[in-house]
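The structure appears below as structure tokens.
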Amino acid sequence: MKAGHVRRFSPVERLLHWVNAAGFFFLLVTGLILYLPSLSMLVSRRQTIQGIHFWGGVGWLGALAGVVLLGGRRLLATARELDSFDGDDLSWLRGRGAPQGRFNAGQKINAVLTAAFTILFGVSGLLLWFGEEDTRYRFASTVILHDGLMYVSLALLVGHLYLALIHPATRHALRGMTLGSVDAGWAARHHAKWRPD
């Protein structure tokens with residue numbers, strides 16, 4: 001590790017992040033082809049794209065499950081960190097600049113929403129797929145849920161990319177998700193309660 005840097009993310013945490021990102025972007029592209037009539041007409045193989053989208057979703061969920069099993073105790077410890085919400089987190093959300101641990105309150109909320117949306121995307125996607133074959137699985141609210149998740153996920157993605165790539169105070173965190181370590185001074189300023197190993 002480079003001098004003046006501290007380890008923020010383990011290899012398995014980074015793998016989980018990038019597997020999730022790659023799967024999400026793949027499903028976003030194939031889903032938009034199905035969702036937007038102009039793209040659907042351009043591709044003109046709707047059934048093939050539906051199959052690619054569905055099996056891509058199955059692969060995405062399977063790959064995430066595989067990484068979670070691989071990560072075992074390390075990811076369980078990370079989940080506990082993300083699940084702990086205290087008074088400093090509430091103060092931080094109110095803009096009062098309270099000290100944060102390895103994850104700030106916004107990152108904790110983003111992680112919880114990402115996990116919940118992944119499950120909801122999977123369930124609604126399965127129902128949509130099976131509803132094509134058997135009308136017992138066809139519910140009007142399933143399409144609304146799946147599409148609504150897409151809109152909210154897009155908004156979260158734009159915010160996430162802005163903070164990771166553009167915002168000067170937070171873009172240094174990207175190094176943590178690519179190389180595993182972050183500048184020690186940056187960590188002390190933004191995550192004062194965190195005590196790196």
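Quick check on segment 98-106. Is at least one of its residues hydrophobic (A, V, I, L, M, F, W, C), loosely packed, with under 15 Cβ neighbours inside 10 Å and in a helix (DSSP H, G or I)?
no
Between a first residue in segment 15-40 that is within 30 Å of residue 78 (Cβ to Cβ) and surrounded by 14 or more Cβ atoms within 10 Å (Cβ to Cβ) and a second residue that is of a type in the set (Phe, Trp, Tyr) and at pLDDT 95 or above, which pairs have beta carbons less than 8 Å apart while being 6 or more apart in sequence or on different chains?
If the second residue must be of a type in the set (Phe, Trp, Tyr) and at pLDDT 95 or above, the pairs left are 17/9; 19/60; 20/60; 23/60; 24/60; 26/60; 27/60; 27/121.
Give 90, 127, 179 a once-over and let me know the one that is in contact (Cβ under 8 Å) with a residue 12 or more places away in the chain and surrounded by 15 or more Cβ atoms within 10 Å (Cβ to Cβ).
127
Identify, please: which residue in segment 141-158 is among the β-branched types (Val, Ile, Thr) and surrounded by 11 or more Cβ atoms within 10 Å (Cβ to Cβ) and is, among those, modelled with the highest pLDDT?
Here the answer is 152.
State whether the residues of segment 34-45 include one that is of a type outside the set (Ser, Thr, Tyr), under 20 Å from the mean Cα position of the chain (by Cα) and assigned to a helix (DSSP H, G or I).
no
Report, by residue number, each residue of segment 162-181 that is under 14 Å from residue 102 (Cβ atoms) and out of contact with any Leu (no Cβ under 9 Å at 6 or more places or on another chain).
The answer is 176, 177, 180, 181.
For (1) part of a loop (DSSP other than H, G, I, E, B); (2) at pLDDT below 95, each residue gets a yes or a no:
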| position | (1), (2) |
| --- | --- |
| 118 | no, no |
| 121 | no, no |
| 131 | no, yes |
| 136 | no, yes |
| 168 | yes, yes |
| 172 | no, yes |
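The values are calculated or read from the model by the stated rules, or taken from the named source; none is laboratory data. Just so you know, these numbers come straight off a predicted model, no measurement behind them. Every residue, glycine as well, gets a Cβ built from its backbone with ideal geometry; the counts of neighbours run over all protein chains shown.
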